[in-house]
Amino acid sequence: MSVVYSEGMTSKEAKYLAVFGKRVAELRHKRGLTQEQLAEKAGLAQRTIASIEQGQRWAKLSTLTKLAKALGVPRKELLDD
């Protein structure tokens, strides 16, 4: 599996997770992509994209790399808020 569940996180970590998910969604929307299209470009499941965007799951480095490549941005841009 390409993500880690957010269970047991502190409120600060959960807030950061939500910000990260919002950033992924924002970049996806700017590129005119659906979750399904982004998932296909990144080689991930649509439910993985949805869970990340909803702040329910944290992306591993490999997933972060796939998302950045599919969105055409450096990994750092996914983490900037």
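Tell me which residues, restricted to the range 41-72, are surrounded by fewer than 16 Cβ atoms within 10 Å (Cβ to Cβ) and closer than 15 Å to ARG31 by Cα.
LYS69, GLY72
Take the range 25-47 and flag every residue that is outside any helix (DSSP H, G or I) and closer than 15 Å to THR63 by Cα.
So in the range 25-47, the residues outside any helix (DSSP H, G or I) come out as 31-34, 43-45.
Those that are outside any helix (DSSP H, G or I) and closer than 15 Å to THR63 by Cα: GLY43, LEU44, ALA45.
Of all residues in the range 6-37, count the ones that are farther than 15 Å from GLU77 by Cα, among the hydrophobic types (A, V, I, L, M, F, W, C) and modelled with pLDDT under 95.
3
How many residues are touching a Ser or Thr at 6+ places or on another chain (Cβ under 9 Å) and either closer than 21 Å to THR10 by Cα or charged (D, E, K, R) (or both) when one looks only at the range 52-81?
So the answer is 9.
The values are calculated or read from the model by the stated rules, or taken from the named source; none is laboratory data. The model shown is predicted, which means the values in this text are computed figures rather than measured ones. Positions of Cβ are generated from backbone atoms using ideal geometry, with glycine treated the same way; all protein chains shown enter the neighbour counts.
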